[in-house]
Structure formats: structure tokens, C-alpha cells
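Data block below; observations after.
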Amino acid sequence: TLGPMTKRRLSTHEECLRAFSLSLQREIKENLKFWDRTNPDAADSRAEAFALVIATLKNQLDQHSIPLVDVGLADYELPRAKR
């Protein structure tokens, strides 16, 4: 078990979740940019898979009453394949 959540521990968890979210956004952007250049068909299917990952993450945040703005996802739009 995690034990009681101190302010420091809560802050660390929030920072970790925010860093993960921002890193995921960067990885998606770079990954889709690469696949758009090398294989546009694969870029489309990857964009769909990433959309599912982001939707799942947003749903879990909502279920745990974590505002999207707290993790940098409030206005995040998944990059689209360029076809």
C-alpha cells in the first residue's frame, strides 16, 4: 500500500503525471511526423492508435477527478496524419 499521501508525495505524483503527459505528446508528434514522411498509410493507423491512448488517459483522469489542465491535456488535440 502507498500509505498516507503527504503534500510532498502528492506534488511528486502530480509532477510525474504532468511530465508523462507532456512527454507522450512530444513522442506522438515526432512519431507521426516520421511516419507521415516514410509511410503515410502507417501514419493513419498510428494516429488512430494514439487517439485511443489519449482518450483512455483522459477517461482515467476524469474517473479520478483529475482536471485535464493539471496534466497539460486540457486543449490537447492529437496531430492528424497529413493525408
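Please treat every number below as a calculation from the coordinates, not as lab data. Every value quoted in this text rests on a predicted model; they were computed, and no experiment measured them. Please note: Cβ atoms are built from the backbone with ideal geometry, for glycine as well, and neighbour counts cover all protein chains shown.
Return the pair list, or none, for Cβ contacts closer than 9 Å from residues in region 6-26 that are over 20 Å from THR56 (Cα atoms) to residues that are hydrophobic (A, V, I, L, M, F, W, C), at least 6 apart or on different chains.
ARG9/LEU2
For region 51-73, check the following and say yes or no: at least one residue is loosely packed, with under 11 Cβ neighbours inside 10 Å and touching a residue at least 24 places away in the same chain (Cβ under 8 Å).
No, region 51-73 contains no residue that is loosely packed, with under 11 Cβ neighbours inside 10 Å and touching a residue at least 24 places away in the same chain (Cβ under 8 Å).
Kindly provide the set of residues from region 16-44 that are over 20 Å from ALA55 (Cβ atoms) and surrounded by 15 or more Cβ atoms within 10 Å (Cβ to Cβ), ordered by number.
ASP36, the sole residue that qualifies.
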